[in-house]
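Below is one structure, written out as structure tokens; comments come after it.
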Amino acid sequence: MRYLLKDDEDLFKQANKIFEEIFTGKKKAYILQSVIAEIVYVLKGVYDVDKEEIAEVLTELLKSKNIKTQDKQAVIDALNLYANKNLDFVDCLICAYRDNYSVLTFDKKLNKCIKEKG
């Protein structure tokens, strides 16, 4: 969060150093999907960042070859859905799995997303 928000200079410097090492290939990072969901939730809910900006910034971050996450393409697809749908990120993540899995839900908005071609 500090790396993305740059709201605390000291913490940003520490985070920036870590990310510089990741982007230059000196280190690798694994970001859990639950952490990504929490980042989205905090950026939108607490800091009122636009969904499109959240999706753009996190997608660029995840495109780094040294940043890993479970089912990276599904997470990137979910971020794209999040930017363009009236769904929360977790629902978008569930929807992003529709092309590879049978996804069942009673949630009407999520069901609509699932039935759309991915």
For this session: Find the accessible area per residue for the chain; the probe is 1.4 Å, ligands and nucleic acids are left out, and the unit is Å².
Result: 66
Seminar exercise, completed: Eigenvalues of the alpha-carbon gyration tensor of the range 63-118, times 5 and square-rooted, give semi-axes in Å, largest first, of 21, 12, 9
Seminar exercise, completed: For the chain, the accessible surface attributable to carbon and sulfur atoms (probe 1.4 angstrom, ligands and nucleic acids excluded) amounts in percent to 51
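Quote the convex hull volume per residue of the range 19-118, based on C-alpha atoms, as a whole number of Å³.
98
Which of the peptides 97-104, 80-87 is most tightly packed, and how do the rest follow, going by the mean number of other Cβ atoms within 10 Å of each residue?
80-87, 97-104
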Problem set entry | Assigned charges on the beta-carbon of Lys, Arg, Asp, Glu; the chain dipole about Cα centre (debye) | 520
For this session: May I ask for the net charge around LYS44, where only other residues with Cβ less than 9 Å from the Cβ of LYS44 are counted and Lys, Arg are +1 while Asp, Glu are -1?
Result: -2
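The values are calculated or read from the model by the stated rules, or taken from the named source; none is laboratory data. Just so it is clear, the model here is predicted, and its values are computed rather than measured. Positions of Cβ are generated from backbone atoms using ideal geometry, with glycine treated the same way; all protein chains shown enter the neighbour counts. Side chains included, ligands, DNA and RNA excluded: accessible areas come from the protein's heavy atoms. Shrake-Rupley method; radii C 1.70, N 1.55, O 1.52, S 1.80 Å.
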